[in-house]
Each structure stands twice: as structure tokens, then as C-alpha cells.
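Trainee: Structure below; questions to follow.
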Amino acid sequence: MTRTRIEGLLAAFPKLMNTGKQHTFVETESVRYVYQPMEKLYMVLITTKNSNILEDLETLRLFSRVIPEYCRALEENEISEHCFDLIFAFDEIVALGYRENVNLAQIRTFTEMDSHEEKVFRAVRETQEREAKAEMRRKAKELQQARRDAERQGKKAPGFGGFGSSTVSGGSTAAMITETIIETDKPKVAPAPASVHMKIEEKITLTCGRDGGLQNMELHGMIMLRISDDKFGRIRLHVENEDKKGVQLQTHPNVDKKLFTAESLIGLKNPEKSFPVSSDVGVLKWRLQTTEESFIPLTINCWPSESGNGCDVNIEYELQDDNLELNDVVITIPLPSGVGAPVIGEIDGEYRHDSRRNTLEWCLPVIDAKNKSGSLEFSIAGQPNDFFPVQVYFISKKNYCNIQVTKVTQVDGNSPVRFSTETTFLVDKYEIL
């Protein structure tokens, strides 16, 4: 249907309305309007005349139930403000003109599914921002120390000529800190990228029971090789495998499997050939599947207990492997709808309450050996089953299986080649059911 046709059908609807009768539909020669009043607005479904009107009415009711999920009031400006959220939700109900077999809970789940790539981008950006702020504070301390040293020696503070006498005033201190911020924000000249670069990525899928026990854990890892200069096409990667969990390793079909098994070297079967240039090539992948509880990287225990008017919920985490460092950890706990915000008791870290999605997000910037356990307590109306499934997300620059490339050499002569690596360990799905 063209846009003009749709606009014409919508424009005709108010003229066809009969305010004296309480009908739920009105027909023309070509279409049927099925509608439902919603305070000052109407929810209208335009269908063909041979459509099943009972099914259309059910679809219409589901559309109307979606709107309060996103809009606080049934007013035109509120609808406009959340138009994209509503479009995405409507798209889960009707696809290509046909009704999908979904309910309100499924629609809520589908529309809440975040982009994995967006999460990774946000996590990397937040990590970079924290590192920049830490560098800014470090430089500020250095400048303050230089000022104190200069004052003791009766000299002018270094790097700030023209700001006054040899005694640095409070205003000059502010100027020093401002200069630090400017210097931190200056674009830094990045070193020339290595001609050989490797991405080492692992993704974990994990499901635990709420009463304990690992139902399933599956981890997939891969080393992706990228060569930007054909001079370095004929190389070998020296792999260090310190995994003790029993992962299954598999090399690319063009990689010499015997060489890898005997010497932990990744090289082509035909040493006279070169690796592809300017494209990512997966040279080694691994897989770990287990139900061994000791392999869980981060355990989550959620204990809802009924109280007089609702539930007291105690949730705690513990890092199982001290060698791991998990960044930007978010533990998401579902909440009952329509009961207001939770009352937070003790908490390690921070929290966010999303009233639209009815979730409580427990946010921890870093979980490592120095910060390996923590807890959160809150109270809210509801039943114990309302607080599951608990979902966990994190990203790490250290991989789980401890498989790394330690050296790259030329096939001829074994001369070393400069290389760079980028390691990421992240979550595909991590749930406590």
C-alpha cells in the first residue's frame, strides 16, 4: 500500500464514525475499520472485509494493552513521544499483515532485547572514559606535587610561566588542574598499527537454577587473524594454552594441524602460501561445554523471602576465578508491575530502577580478586517467583580459557614479527532461572 492510500483511509475514518451507537467496527466498500475508544483517542485497525473480525478484535485489544506499557497517559503528545517504542512493540504483534502468536509478556521480552554490539560499544566507551578520568587525576596529583616542591625551593612552579610570582596562588592551582583537563582531552597520536593483529573473543552462555546447580554452560572462543601488509603473509603464531578446564580445540582446515598439535604453532599446511591480506581469518576456535559448578565464573544467589506486605530480597555475587576481571557488570532482577519502586537496603555498587521495564539493575564497574563478592538487599510487594529469571551481563579484557598468542615469527628464518592483540570475553546469555 502506498503512503497516499494509507493517509486517505485514515482521513476517512472520522467521517464514518457514528457517535450515536456503540459499534466496534465500520465498513466501506473495500475495507473494515475495527476500533476501540481510548479516552480522547481511538485505536483503529484497518483490515480487509473478509478478515476474521473476532481475531481482529483480539488483536486490537492486545494493541491497546501495549500502550500503557510505554505511555503514562493516553494523550497525543505522550503517544508521539514514545512513537518508536510503540512501533517496535506493534511490529511484534503484526508482521507483514499477519497476526503473530504472542502475548504481552513475550512482547515485553522481545522489545527489551538489547543489541549485543551496542552493549560492547558502550562498555568499551565507558572503560575508556574511566581510564581518561584516572589519567587526569594522576596528572593533577603530579602537578600539585610539582607546585609543592617549587614552593619549598622558592621557585616558580614548572610549566606555568606568566601566572604571577614564585608563590603559586589558589587561582594558579585551578589553572594547573584546568591545564591537566585540556591536556587529557587533546587527541593523542596513536602509534602505527601493527601489520599483524589478532582478535581473541570468547562468548559464554550459562543457565543456573535458582536453588543452585549449573544446568548448562557453553563457551565458544576464536582467534581471528588480520594481516594488513602482504610482507607478513607467511607467518606462524606461537600459541600458549594454559587451559586446565578441558576445552576442545579446532584449527582452520588450511592450518597445519600436526604442527599445532606437536608445537602449538599455527601455520598454513603449505608454508609457501600466505595468509589472506586485509580480511579477518579465523585460525583457531575452541569450545567448552560443562555442568561442573566449579567452572561458573560468577555465581549469583537470589533469596526472596515473603514478609508481611511483600518480599525481602537478598541477592549476592561471588567471583569464582581470581584471575578474571569483569567490567561493567549489570545484574538485572525483574520486579512485579504496578507496585512502585523497591526500597533499597544495603548495597555494594549502584542500582537503577527502570519503571517502564519493571526491572532493578544492580551495576558494578569492576569485579575482580579485590572485589570478588558483594550483596544487595531490597524490599517490594510481590511473590518469590516474581524475581526470576535474573540476568547477568559483563565484558572482560581477559579471556576465560587462558589461550593467548605469545609470539609471531616469519616462516623463513623465524625472525620475530611485531603484532597486536585484542582480547574480549563477553556474555551471550547468562541467566538464573
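Trainee: Under 9 Å by Cβ, and 6 or more places apart or on different chains, what pairs join a residue from the stretch 264-292 that is over 29 Å from GLU242 (Cβ atoms) with one that is polar (S, T, N, Q) and assigned to a loop (DSSP other than H, G, I, E, B)?
Mentor: Listed pairs, sorted by first residue: ASN270/ASN254; LYS273/ASN254; VAL277/SER228; SER278/SER228.
Trainee: Could I ask something else about it? Only one of (1) open to solvent by less than 50 Å² (accessible area, probe 1.4 Å); (2) over 18 Å from ALA11 (Cβ atoms) is not met by TYR33, so which one is it?
Mentor: (2) is the only condition that TYR33 fails.
Trainee: With respect to GLU350, determine if the residue is in contact with a Lys or Arg (Cβ under 7 Å, 6 or more places away or on another chain) and either within 30 Å of GLU201 (Cα to Cα) or crowded, with 17+ Cβ neighbours inside 10 Å (or both).
Mentor: Judged against the criteria, GLU350 is not a match.
Trainee: Still on this model: Filter the stretch 182-215 down to the residues that are modelled with pLDDT under 90 and outside any loop (DSSP other than H, G, I, E, B), then identify the one that is most open to solvent (accessible area, probe 1.4 Å).
Mentor: My answer is ASP185.
Trainee: Does the stretch 314-333 contain any residue that is of a type in the set (Ser, Thr, Tyr) and touching a helix residue (DSSP H, G or I) at 6+ places or on another chain (Cβ under 9 Å)?
Mentor: no
Trainee: Can you name the condition, by its number, that ASP56 falls short on among (1) out of contact with any Leu (no Cβ under 8 Å at 6 or more places or on another chain); (2) among the acidic types (Asp, Glu); (3) over 30 Å from ASP354 (Cα atoms); (4) open to solvent by less than 30 Å² (accessible area, probe 1.4 Å)?
Mentor: (1)
Matching residues to (1) in contact with a His (Cβ under 7 Å, 6 or more places away or on another chain); (2) of a type in the set (A, V, I, L, M, F, W, C); (3) under 30 Å from ASN241 (Cβ atoms):
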| site | (1), (2), (3) |
| --- | --- |
| TYR317 | no, no, yes |
| ASP322 | no, no, yes |
| ILE333 | no, yes, no |
| GLY338 | no, no, no |
| ALA341 | yes, yes, no |
| HIS353 | no, no, no |
| ASP386 | no, no, no |
| GLY413 | no, no, yes |
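Trainee: When you check GLU7 against the structure, is it within 26 Å of GLU100 (Cα to Cα), open to solvent by 90 Å² or more (accessible area, probe 1.4 Å) and part of a helix (DSSP H, G or I), yes or no?
Mentor: Here the answer is yes, as GLU7 does meet what is asked.
Trainee: Which is assigned to a strand (DSSP E or B), within 19 Å of VAL417 (Cα to Cα), in contact with a His (Cβ under 9 Å, 6 or more places away or on another chain) and open to solvent by 30 Å² or more (accessible area, probe 1.4 Å), of ARG287, ARG226, ARG236?
Mentor: Exactly one of ARG287, ARG226, ARG236 is assigned to a strand (DSSP E or B), within 19 Å of VAL417 (Cα to Cα), in contact with a His (Cβ under 9 Å, 6 or more places away or on another chain) and open to solvent by 30 Å² or more (accessible area, probe 1.4 Å), namely ARG226.
Trainee: Filter the strands (runs of 3 or more DSSP E) completely within the stretch 300-396 down to those with at least 1 residues that are among the hydroxyl-bearing types (Ser, Thr, Tyr) and within 30 Å of THR423 (Cα to Cα).
Mentor: On the way: elements: 311-319, 326-334, 343-347, 350-354, 359-367, 373-380, 390-396.
Once the strands (runs of 3 or more DSSP E) in the stretch 300-396 are filtered for at least 1 residues that are among the hydroxyl-bearing types (Ser, Thr, Tyr) and within 30 Å of THR423 (Cα to Cα), what remains is 311-319, 326-334, 350-354, 373-380, 390-396.
Trainee: Further question on the same structure: Quick one: ASN399 ticks every box in (1) surrounded by fewer than 17 Cβ atoms within 10 Å (Cβ to Cβ); (2) part of a loop (DSSP other than H, G, I, E, B) bar one, so which box is it?
Mentor: That leaves (1) as the condition not met.
Trainee: Another one. State which residue pairs qualify: first residue β-branched (Val, Ile, Thr) and inside the stretch 233-246, second residue open to solvent by 60 Å² or more (accessible area, probe 1.4 Å) in any location, beta carbons under 6 Å apart, and separation of 6 or more residues or different chains.
Mentor: Hits for this filter: zero, empty list.
Trainee: Out of curiosity, is GLN320 touching a strand residue (DSSP E or B) at 6+ places or on another chain (Cβ under 9 Å) and free of Cβ contacts under 8 Å to residues at least 40 places away in the same chain?
Mentor: In short, yes.
Trainee: What about SER307, is it open to solvent by 30 Å² or more (accessible area, probe 1.4 Å) and of a type outside the set (A, V, I, L, M)? Steps first, please.
Mentor: Details: open to solvent by 30 Å² or more (accessible area, probe 1.4 Å): yes; of a type outside the set (A, V, I, L, M): yes.
Yes, satisfied.
Trainee: Name the residue that is nearest to the chain's Cα centre (by Cα), counting only residues in the stretch 389-433 that are farther than 17 Å from LEU219 by Cα and among the charged types (D, E, K, R).
Mentor: The qualifying residue nearest to the chain's Cα centre (by Cα) is GLU422.
Trainee: Please return the ranges of helices (runs of 4 or more DSSP H) entirely within the stretch 53-156 where 2 or more residues are of a type outside the set (A, V, I, L, M, F, W, C), modelled with pLDDT of 75 or more and more than 30 Å from TYR430 (Cβ to Cβ).
Mentor: Hits in the stretch 53-156: 53-70, 76-81, 116-153.
The values are calculated or read from the model by the stated rules, or taken from the named source; none is laboratory data. A quick note: this is a predicted structure, and the numbers were derived from the prediction, not measured. Here the Cβ is made from the backbone with ideal geometry for all residues, glycine too, and neighbour counts use every protein chain on show. Only protein heavy atoms, including side chains, enter the accessible area calculation; ligands, DNA and RNA are left aside. Shrake-Rupley method; radii C 1.70, N 1.55, O 1.52, S 1.80 Å.
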